[in-house]
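First comes the structure, then the notes that go with it.
The values are calculated or read from the model by the stated rules, or taken from the named source; none is laboratory data. Just so it is clear, the structure is predicted and the values come from calculations on it, not from any experiment. Here Cβ is always computed from backbone atoms with ideal geometry, including for glycine, and neighbour counts include all displayed protein chains.
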Amino acid sequence: MDTLLERANDVRLLVLDVDGVLTDGRLYFGARGEQMKCFHVRDGAGIVRLLRAGVQVAVISGRSSRAVERRMSELGVTWVRQGIEDKQVALRELLEILGLTARSVACVGDDLADVPLLEMARLAVAVADAHPSVKSRAHFITQTSGGQGAVREVCDLILESQQRIA
């Protein structure tokens, strides 16, 4: 059985859910119905470090939000797929475009819609406050909750493993 570091060393693409992973999972609506999301700056810093190291980052989300588009654009994440009903189909399409296999993918999720992605991924990650069915499929569970720096933990794990093993 492969170790966590071996799995992380193989990662060339990190796939993230949004609500519950990049955010705390709560939905905020303004008086005019506008959606607002709160992103953690440490997650952004980790994503930027990963991109600079040559690891691709993608977002696959069931919901759509302009806030996500803006934040990912600020960070340099170009692979943003929102309003996706079947996340596995979206990941397969992305892998084909990038010329990668599932063996090079890490996925981070928090709820049932993310399970198909986690089952495909070489490195399946659940945030600390994920649904138990997600945690039971994870190779790694973050110490922090979604929206609280959990993505940074995953970025650091990948970067550290690739420096140690590569």
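Checking the conditions here, which among VAL21, VAL68, VAL108, VAL57 is of a type outside the set (S, T, N, Q), in contact with a strand residue (DSSP E or B) (Cβ under 6 Å, 6 or more places away or on another chain) and free of Cβ contacts under 8 Å to residues at least 60 places away in the same chain? Checking each option against the conditions leaves just VAL57. Residue pairs whose Cβ atoms lie under 7 Å apart, sitting 6 or more positions apart in sequence or on different chains, and linking a residue in the stretch 116-127 that is farther than 15 Å from ARG152 by Cα and at pLDDT 95 or above to a partner that is of a type in the set (Ser, Thr, Tyr) and surrounded by fewer than 24 Cβ atoms within 10 Å (Cβ to Cβ), are ARG122/SER104. Selection of the stretch 10-41 for residues being crowded, with 20+ Cβ neighbours inside 10 Å and under 13 Å from VAL105 (Cα atoms) yields VAL11, LEU13, LEU14, VAL15, LEU16. Per the conditions (1) surrounded by fewer than 17 Cβ atoms within 10 Å (Cβ to Cβ); (2) of a type in the set (Gly, Ala, Ser); (3) under 24 Å from ALA128 (Cα atoms), the sole criterion not satisfied by GLY44 is (1). Among ARG103, ARG92, ARG122, which is the only one that is over 23 Å from HIS40 (Cβ atoms), of a type in the set (D, E, K, R) and crowded, with 19+ Cβ neighbours inside 10 Å? Being over 23 Å from HIS40 (Cβ atoms), of a type in the set (D, E, K, R) and crowded, with 19+ Cβ neighbours inside 10 Å holds for just one of ARG103, ARG92, ARG122, which is ARG122. Screening the stretch 106-119 for residues that are among the aliphatic types (A, V, I, L, M) and over 23 Å from GLY54 (Cα atoms) and picking the one that is surrounded by the fewest Cβ atoms within 10 Å (Cβ to Cβ) gives LEU112.
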